[in-house]
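Read the figures in this text as sums done on the coordinates, not as results from a lab. As the structure is a computational prediction, the values presented were derived from the model and not from experiment. Virtual Cβ from ideal backbone geometry, glycine too; neighbours counted across all protein chains shown.
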Amino acid sequence: MDVQNSGRRINTPHFIVFVLPGETEHTRIGITASKRIGNSVQRNRWKRIVREGYRQIQGEITVCVDMVFIIRRGVGVPSVDQVQKEILQAINKWVNGSKVRT
């Protein structure tokens, strides 16, 4: 919950991503899918795709952050490749934005 309250909000085509510096030595993710996204089958499909996208690129992530993905309503289900691009895009925006503020 701290990530959503005090993390930086980053918008991507399929998600609203909140990013906060991590409290552990590795990146952690959370996924929120409201009932407005669809039934449980559809929500779980989204979550599987996000987890798989993260799993495939977690070795490329060099910063330690906590991320929460809120799935946008009204967008189609992305491919794993699209999710990977959006994860890296959110991290890059966070890294570049945090350097400007300090």
Practice item. Of the options Val95, Gln58, Ala33, report the single residue whose Cα projects farthest towards the positive end of the charge dipole of the chain (beta-carbon charges: Lys, Arg +1; Asp, Glu -1). Key: Ala33
Point to revise | Burial order of peptide ranges 16-22, 39-45 (average beta-carbon count within 10 Å, highest first) | key: 16-22, 39-45
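Can you tell me the dipole magnitude for the range 2-101 around its Cα centre, using point charges on the Cβ only (Lys, Arg +1; Asp, Glu -1), in Debye to the nearest 20?
500 debye
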Revision key, fill the gap. Rounded to the nearest 5, the percent of antiparallel DSSP beta bridges in the range 2-101 equals 70 percent
Check your understanding: If you plug each phi of the range 8-18 into the Karplus form 6.51 cos²θ - 1.76 cosθ + 1.60 with θ = phi - 60°, what whole-Hz ³J(HN,Hα) values come out, in order, with x for Gly and Pro?
Key -> 7, 8, 10, 9, 10, x, 10, 9, 9, 10, 9
Revision key, fill the gap. Nearest 10, in degrees from 0 to 90: the angle of helix 80-101 to the longest Cα principal axis of the chain is 30 degrees
Review point. What does the helix-only formula give at 222 nm for the chain: each DSSP H stretch with n ≥ 4 adding -39500 (n - 2.57), the total divided by the residues, and the result rounded to the nearest 500 deg cm²/dmol?
Key: -14500 deg cm²/dmol
Check your understanding: In degrees from 0 to 90, rounded to the nearest 10, what is the angle of the helix 40-57 Cα long axis to the longest principal axis of the chain?
Key -> 40 degrees
Review point. (1) 1.28; (2) 1.03; (3) 0.95: which one is Rg/Rh (Cα atoms, Kirkwood Rh) as calculated from this entry?
Key: (3)
Check your understanding: Given 0.36 nm per residue, what is the gain on full extension from Ser79 to Ile61 after removing their alpha carbon distance, in nm?
Key -> 4.5 nm
**Study point:** Stretch gain in nm, segment Thr24-Asn44, where the contour uses 0.36 nm per residue and the Cα spacing is subtracted
**Key:** 4.6 nm
